[in-house]
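Heads up, the thing below is written out as structure tokens.
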Amino acid sequence: MREIKLVEVRSEIAAGTRGASLGIDALKIASLDKKSSFFTQFEPINVPDANNYLWKGNKFPNAKYIDGVYQVLNNVFHTIELLRLDGKFPIVLAGDHSTAAGTIMGIKSAHPEKRLGVIWIDAHADLHTPFTTPSGNMHGMPLAMCARLDNLESKVNDPDEQTLAYWNRIKSIGGDFPKINPKDIVFISVRDTEAPEDHLIEKFGIKNFTTAEVREKGVQTVAHEALTELASCDQIYISFDVDSLDSSISVGTGTPVENGLTVEEAISLNAELIKDKRVCCWEIVEVNPTLDTENTMAENAFDVLETTTKSLVDNF
């Protein structure tokens with residue numbers, strides 16, 4: 001049996017709005033309101049963040065706070081690498097989605113010989129780079145970091161030398177090679193992308209199961225097809241961004257988008273996907289209670305977390 005380790009990353013430095021660092025504690029409050037014992041079952045590991053960089057002011061318009069982001073990703077990378085080397089199953093609770101890059105890098109570093117697939121349940125593709133980003137917010141870049149993509153074909157920005165120095169250091173965390181092949185990414189419910197990301201999705205043939213497909217085919221079929229897309233992968237990492245939920249539900253997150261999943265669909269989908277024995281890590285991100293009313297987003301997200309974890313335990 002694999003031992004679950006809860007990993008808490010309170011980073012919000014790469015998000016466009018403040019407050020995602022409070023998401024983990026909002027989940028804990030939700031568990032109390034629901035009279036759940038979930039957080040008494042697992043002793044958490046707290047990964048140091050770099051949110052103090054927010055007080056220093058941003059010096060990198062095409063990759064905001066990239067100096068702090070680099071620091072956080074290193075911290076996450078080392079934590080996940082050690083857990084995977086020890087055979088633990090990390091369940092990651094994180095603030096902004098940039099830290100997913102550190103998680104992927106840690107998984108790959110622990111078992112570099114194993115091909116790693118990614119199931120990315122999100123409203124956004126997160127394939128931007130400093131050369132393509134419209135906002136400079138680095139929570140839109142983690143998959144590009146891990147695949148070591150610059151996407152110069154779609155270049156719209158001219159990042160300065162210091163930005164690029166940090167960018168290259170980030171891409172090299174865990175080794176000077178891609179941690180994932182873009183063809184080994186599967187999107188679910190991605191629906192808010194820009195042209196540079198669309199270029200990469202088409203170039204690498206990345207499969208996106210739309211919300212409509214989830215409804216038409218059913219959750220179990222989509223889960224099966226998503227896992228089949230990654231049939232050549234030895235390990236699978238699942239990242240669930242709460243903005244994959246419909247904007248009528250996901251008020252308590254920084255970038256809500258309409259036409260997303262229902263809470264019930266998200267619960268069923270994650271619980272089904274995590275049954276696959278190749279899944280080695282699961283993550284939930286971007287709960288922001290400062291944007292919410294009565295902690296609704298955290299309560300919905302906690303239901304996803306608790307049910308997914310139970311499915312993992314029941315199917316060990």
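Numerical summary
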| quantity | calculated |
| --- | --- |
| Of all residues in region 30-41 being open to solvent by less than 40 Å² (accessible area, probe 1.4 Å) and of a type in the set (Ser, Thr, Tyr), the one that is farthest from the chain's Cα centre (by Cα) | 36 |
| Residues (touching a strand residue (DSSP E or B) at 6+ places or on another chain (Cβ under 7 Å) and either within 29 Å of residue 78 (Cα to Cα) or not basic (Lys, Arg) (or both)) located in region 180-193 | 180, 184, 185, 186, 187, 188, 189, 190, 192 |
| Residue that is surrounded by the most Cβ atoms within 10 Å (Cβ to Cβ), among those in region 218-263 that are free of Cβ contacts under 8 Å to residues at least 12 places away in the same chain and among the β-branched types (Val, Ile, Thr) | 221 |
| Test: residue in region 194-203 that is of a type in the set (D, E, K, R), within 25 Å of residue 73 (Cα to Cα), in contact with a strand residue (DSSP E or B) (Cβ under 7 Å, 6 or more places away or on another chain) and touching a residue at least 24 places away in the same chain (Cβ under 8 Å) | no |
| Unique residue being over 26 Å from residue 5 (Cα atoms), out of contact with any helix residue (DSSP H, G or I) (no Cβ under 7 Å at 6 or more places or on another chain) and among the hydrophobic types (A, V, I, L, M, F, W, C) when the list is 261, 312, 291 | 291 |
| Residue list for region 42-97, filter: farther than 30 Å from residue 279 by Cα, polar (S, T, N, Q) and buried (at least 21 other Cβ atoms within 10 Å of the Cβ) | 62 |
| Given (1) among the aliphatic types (A, V, I, L, M); (2) buried (at least 21 other Cβ atoms within 10 Å of the Cβ); (3) modelled with pLDDT under 95, number of the condition residue 27 does not satisfy | (3) |
| Enumeration of residues in region 136-175 that are of a type outside the set (D, E, K, R) and part of a loop (DSSP other than H, G, I, E, B) | 136, 137, 141, 149, 151, 156, 157, 159, 172, 173, 174, 175 |
| Number of the condition not met by residue 191 [criteria: (1) among the basic types (Lys, Arg); (2) outside any helix (DSSP H, G or I); (3) surrounded by fewer than 16 Cβ atoms within 10 Å (Cβ to Cβ)] | (3) |
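The values are calculated or read from the model by the stated rules, or taken from the named source; none is laboratory data. Since the model is a prediction, treat every value here as computed from it, not as a measurement. Quick reminder, even Gly has a Cβ in these numbers, built from the backbone with ideal geometry, and neighbours come from all protein chains shown. Protein only, heavy atoms only, side chains kept; ligands, DNA and RNA dropped before computing areas. Shrake-Rupley method; radii C 1.70, N 1.55, O 1.52, S 1.80 Å.
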